[in-house]
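Notes follow the structure.
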Amino acid sequence: MIVPRLQEFLDRQNAIYTHTTHRLTYTARDTAQADHTPVHGLAKTVVFVGDGVYAMAVLPADMHIDVDRLRYLLGLNSVRLASEEELAKLFPDTELGAMPPFGNLYGDIPVYCDSSLAELEEIAFNAGTHRDVVHVKFKDYRHWVHPAILSFARSSDSVRGLEAGA
């Protein structure tokens with residue numbers, strides 16, 4: 001089931017979306033496969049701490065964060081992945097690692113979306129569980145969340161990635 005906080009938000013927006021369920025998965029690539037979604041169209045949410053402030057990086061499941069580029073673009077001194085304990089506190093109503101890319105629903109966490117997602121008509125993302133996915137038009141997601149659109153994701157395995165489970 002969609003996490004209630006997200007469901008209520010989508011209902012208030014009179015959102016047009018599709019909700020799908022699939023077998024239990026724990027990586028973004030496996031989720032895309034189980035959901036029959038193109039891996040590049042599944043948006044994964046990576047929570048990081050930049051200079052002591054939590055933020056979300058949202059990028060395609062088939063890409064990795066270029067940490068140095070993200071740090072440069074945001075003018076940060078340091079960037080690190082949020083710990084499991086921090087994630088549990090920030091997203092108490094979601095399964096660990098399945099948080100939807102809606103920082104506005106969780107204390108106005110800043111959201112940075114990779115520009116490659118902004119080029120897509122539709123995206124999909126975890127809906128708070130490791131079995132539920134929501135599909136929306138990217139333009140609607142952008143309207144609801146107001147993410148900063150930046151180019152920080154790379155497909156090369158040689159790039160120093162920050163996130164696990166890619």
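Surrounded by fewer than 16 Cβ atoms within 10 Å (Cβ to Cβ), under 13 Å from Ala55 (Cβ atoms), at pLDDT 95 or above and in contact with a Leu (Cβ under 8 Å, 6 or more places away or on another chain): does that describe Leu150?
No; evaluated as a whole, the condition is false for this residue.
Restricting to region 90-149, name every residue that is of a type in the set (Lys, Arg) and closer than 20 Å to Arg71 by Cα.
Listed by number, the list is empty, since nothing qualifies.
Could you grab me the full set of residues in region 32-47 that are buried (at least 23 other Cβ atoms within 10 Å of the Cβ) and either at positive phi or of a type in the set (Lys, Arg) (or both)?
Passing the criteria: only Lys44.
Yes or no, residue by residue, for (1) crowded, with 18+ Cβ neighbours inside 10 Å; (2) free of Cβ contacts under 8 Å to residues at least 40 places away in the same chain:
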| site | (1), (2) |
| --- | --- |
| Glu84 | no, yes |
| Asp93 | no, no |
| Phe125 | yes, no |
| Asp140 | no, no |
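Within region 56-90, which residues are closer than 22 Å to Asp132 by Cα and either touching a Leu at 6+ places or on another chain (Cβ under 9 Å) or among the basic types (Lys, Arg) (or both)?
Correct list: Ala57, Val58, Leu59, Pro60, Ala61, Asp62, Glu84, Leu87, Ala88, Lys89.
Could you name every one of the helices (runs of 4 or more DSSP H) located completely within region 27-100 that has at least 1 residues being modelled with pLDDT under 95?
28-35, 67-74
One line per residue, one yes/no per condition, for (1) under 23 Å from Glu119 (Cβ atoms); (2) more than 14 Å from the chain's Cα centre (by Cα); (3) of a type in the set (Lys, Arg):
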{"site": "Val53", "(1), (2), (3)": "no, yes, no"}
{"site": "Asp62", "(1), (2), (3)": "yes, no, no"}
{"site": "Asp66", "(1), (2), (3)": "yes, yes, no"}
{"site": "Tyr72", "(1), (2), (3)": "yes, yes, no"}
{"site": "Ser78", "(1), (2), (3)": "no, yes, no"}
{"site": "Ala88", "(1), (2), (3)": "no, yes, no"}
{"site": "Asn104", "(1), (2), (3)": "yes, no, no"}
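If Ala55 satisfies every condition in (1) crowded, with 17+ Cβ neighbours inside 10 Å; (2) within 13 Å of Phe125 (Cβ to Cβ); (3) not β-branched (Val, Ile, Thr) but one, which is the exception?
Exception for Ala55: condition (2).
Within the bounds of region 9-23, is there any residue that is under 25 Å from Glu121 (Cα atoms), surrounded by 17 or more Cβ atoms within 10 Å (Cβ to Cβ) and within 15 Å of the chain's Cα centre (by Cα)?
So far as region 9-23 goes, no, none of its residues is under 25 Å from Glu121 (Cα atoms), surrounded by 17 or more Cβ atoms within 10 Å (Cβ to Cβ) and within 15 Å of the chain's Cα centre (by Cα).
The values are calculated or read from the model by the stated rules, or taken from the named source; none is laboratory data. For clarity, every value in this text was computed on a predicted model and none was experimentally measured. Please note: Cβ atoms are built from the backbone with ideal geometry, for glycine as well, and neighbour counts cover all protein chains shown.
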